[in-house]
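Below is one structure; the comments refer to it alone.
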Amino acid sequence: MGTTSPQCRGASENGGSRTWIFGSPFGTFCFIFVLSFAVRAALLAAWVSNHEDFYRLGGEIGRVALSLLRGGGFADPYMIPTGPTAHPAPFTPALLALIYHAFGMTAAAGYVRALAGIASYSALYALLPWLAGRLGLGARAGMIAGVAAALIPREGLSESIGVGATAQASLGFALLTIGFLHRWAAQRVSVAGSLLLGVACGAAFHLLPPLLLVVLGYLGFEMCWRRTRRQWLLSACVALGALLACVPWTWRNYNELHGLCFIRSNFGLEFRIANQPRADADIEVSWARLGTLRHPSENLDEARQVRALGEAEYNRRARNEALAWMEEHPGELLRLSVFRFLHFWCGPLRYPWLAALFTGVTLLALLGLRRIWPGLETPQRAAVVIPLALFPLVYYVVSYVAHYPAPMGWLLLVLAGAEADGWFNPPRCPERPPDR
């Protein structure tokens with residue numbers, strides 16, 4: 001049976017370049033960027049008018065940034081000083097420390113922080129047409145996704161007042177995906193290029209550690225797709241580059257925390273919060289139900305344990321406590337895992353209107369995937385499906401937090417855009433003849 005290829009759709013788009021806003025990809029990028037920036041800047045102005053201390057630093061990331069500013073190193077993320085840490089990924093606290101070092105603890109620093117975040121989100125959404133085109137979905141799908149994302153901040157105020165950590169992680173995620181897709185389409189791939197791609201992967205892990213699962217999936221695909229000795233060598237070079245990029249931070253953590261951890265040290269803590277008596281799939285519901293999350297950011301006894309045991313040992317004990325509970329309560333574990341799955345894909349179920357929005361995007365993305373699937377080439381299929389399958393895995397075993405699914409939002413948006421594009425602009429090119 002013949003199918004319609006995305007190349008036909010792309011040809012019609014390229015042939016009718018006036019479908020681009022202002023007649024060019026750059027014009028489209030600028031339009032979406034400015035639109036997104038204006039919406040979020042307006043939200044920032046409204047927020048600041050009612051919150052004079054908006055520039056203050058808080059939370060684990062903010063406390064680590066303060067420690068860096070005060071010369072205490074990468075340390076003290078909790079409610080009392082607890083020493084060296086790897087609780088947050090290193091990039092965002094370092095960025096905040098640089099901003100506040102330059103501008104001081106002032107409103108100016110808060111505005112710079114917020115504008116950096118707004119610019120990050122705006123750049124991400126403005127790149128969606130290009131990303132969609134590279135994935136084989138068609139630039140129109142990306143334009144629909146970009147304009148919708150620019151007008152509707154899916155993450156609410158965090159897109160206006162934060163430093164943009166999720167947007168920066170999303171950009172790293174998206175660019176790595178395109179990097180692997182370009183690699184798979186290239187006639188010849190060099191060892192040096194493979195090492196550089198690996199270094200880029202390692203750098204991206206410092207933004208978003210669960211990207212490790214996606215990169216492993218990409219490497220597994222390319223080794224199965226091209227079963228040659230050279231391909232295995234090139235894939236090994238990518239892995240080596242990623243390893244080299246991760247060595248400095250891993251060595252620092254081993255020396256400071258006296259234990260090995262991949263980028264972040266807090267998995268045991270989050271694992272225990274998600275898997276304990278009376279836990280809920282949603283961390284906010286757990287907090288309301290239990291009164292405390294046994295988290296050292298809000299529980300003084302837990303913070304004192306971190307200080308006494310050290311962060312690595314504290315997390316080891318928390319992990320073992322969670323594993324013991326899971327072994328004794330398999331039925332409850334299954335129930336929680338199912339609901340964590342639903343929260344990841346459908347949003348916060350405690351807010352029906354938000355859940356309806358996120359569920360709608362997910363359903364549109366699935367419909368879009370079905371629509372474009374027959375016309376995608378094998379590497380494009382892998383570039384889309386592997387992240388959808390592998391990135392969420394770690395979040396099925398920890399409590400739902402709103403920003404956990406967000407780094408994969410760009411992919412869901414362009415797939416949903418492909419479905420919407422099919423409604424309004426059905427492909428008119430002839431069907432591809434069946435393979436012989």
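Just so it is clear, none of the values below were taken in a lab; they were calculated from the coordinates. As the structure is a computational prediction, the values presented were derived from the model and not from experiment. Using ideal geometry, Cβ is built from the backbone for each residue, glycine included, and neighbour counts are taken over all protein chains shown.
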**OP:** Find which of Pro352, Gly117, Leu57 sits farthest along the positive direction of the dipole of the chain, computed with +1 on the beta-carbon of Lys and Arg, -1 on that of Asp and Glu, about the Cα centre.
**Re:** Gly117
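Once you list every other residue whose beta carbon is under 14 Å from the beta carbon of Cys201, what net charge do they have if Lys and Arg are +1 and Asp and Glu are -1?
Numbers: positive: Arg183; negative: Glu222.
Within the 14 Å Cβ shell, the charges total 0.
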**OP:** Could you please rank Leu333, Leu216, Leu197, placing first whichever residue has the fewest other Cβ atoms within 10 Å of its Cβ?
**Re:** Leu216, Leu333, Leu197
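May I ask you to compute the full-extension gain from Val385 to Gln231, defined as 0.36 nm times their residue separation minus their alpha-carbon distance, rounded to one decimal in nm? Please list the in-between numbers first.
Working: separation 154, 0.36 × 154 = 55.44 nm, distance 2.13 nm.
Fully extending the segment from Val385 to Gln231 adds 53.3 nm.
Compute the length gained on full extension between Leu323 and Val338: take 0.36 nm times their separation in residues and subtract their Cα-Cα distance, giving the result in nm to one decimal.
Details: separation 15, 0.36 × 15 = 5.40 nm, distance 1.77 nm.
Taking Leu323 through Val338 to full extension adds about 3.6 nm, to one decimal.
About its Cα centre, how strong a charge dipole does the chain have in debye, to the nearest 20, once Lys and Arg get +1 and Asp and Glu get -1 at the Cβ? Show your work: numbers first, answer last.
Working: 36 positive and 27 negative charges, 250 e Å.
Computed charge dipole of the chain: roughly 1200 debye.
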**OP:** Work through the residues other than Ala416 whose Cβ is under 15 Å from its Cβ and net out their charges, Lys, Arg +1 and Asp, Glu -1.
**Re:** +2
Subject >> Simple spin-label estimate for Phe424 and Arg370 in nanometres, 7 Å along Cα-Cβ >> reply: 2.2 nm
Original post:
So for the pair Ile152, Arg252, with labels modelled 7 Å out along Cα→Cβ, what separation do we get in nm?
Top reply: 3.9 nm
**OP:** Evaluate the Kirkwood expression for the hydrodynamic radius of segment 57-124, namely the inverse of the mean inverse distance over all pairs of different C-alpha atoms, and round to one decimal in Å.
**Re:** 12.2 Å
Subject >> For the chain, with +1 on Lys and Arg beta carbons and -1 on Asp and Glu, the positive-most of Asn315, Gly138, Phe262 along the dipole >> reply: Gly138
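Dividing the Cα convex hull volume of segment 164-264 by residue count, how many Å³ per residue is that?
On the way: hull volume 9.6 nm³, N = 101.
Given the Cα convex hull of segment 164-264, per-residue volume reads 95 Å³.
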Subject >> Cβ charges +1 (Lys, Arg) and -1 (Asp, Glu), total dipole of segment 164-264, debye >> reply: 380 debye
Original post:
So what's the angle, to the nearest 10 degrees on a 0 to 90 scale, between helix 91-103 and the longest Cα principal axis of the chain?
Top reply: 70 degrees
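Hey, fewest Cβ within 10 Å first, where do Tyr396, Tyr218, Tyr404 land in order? Provide the component values of the computation, followed by the final result.
Details: Tyr396 17, Tyr218 27, Tyr404 20.
The most exposed by this proxy come first: Tyr396, Tyr404, Tyr218.
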**OP:** Compute the acute angle (0 to 90°) between the alpha-carbon long axis of helix 409-424 and the principal axis of greatest extent of the alpha-carbon atoms of the chain; round to the nearest 10°.
**Re:** 30 degrees
**OP:** Go through Leu128, Met223, Pro153 and say which Cα lies farthest out towards the positive end of the charge dipole of the chain; charges sit on Cβ, +1 for Lys and Arg, -1 for Asp and Glu.
**Re:** Met223
Original post:
Summing +1 for each Lys or Arg and -1 for each Asp or Glu, what net charge is found among the other residues whose Cβ lies under 15 Å from the Cβ of Glu256?
Top reply: 0
Original post:
How far is helix 6-15 tilted, in degrees, relative to the longest principal axis of the Cα atoms in the chain, given as a value from 0 to 90 rounded to the nearest 10?
Top reply: 70 degrees
Subject >> Burial ordering of Arg294, Arg229, fewest other beta-carbon atoms within 10 Å first >> reply: Arg229, Arg294
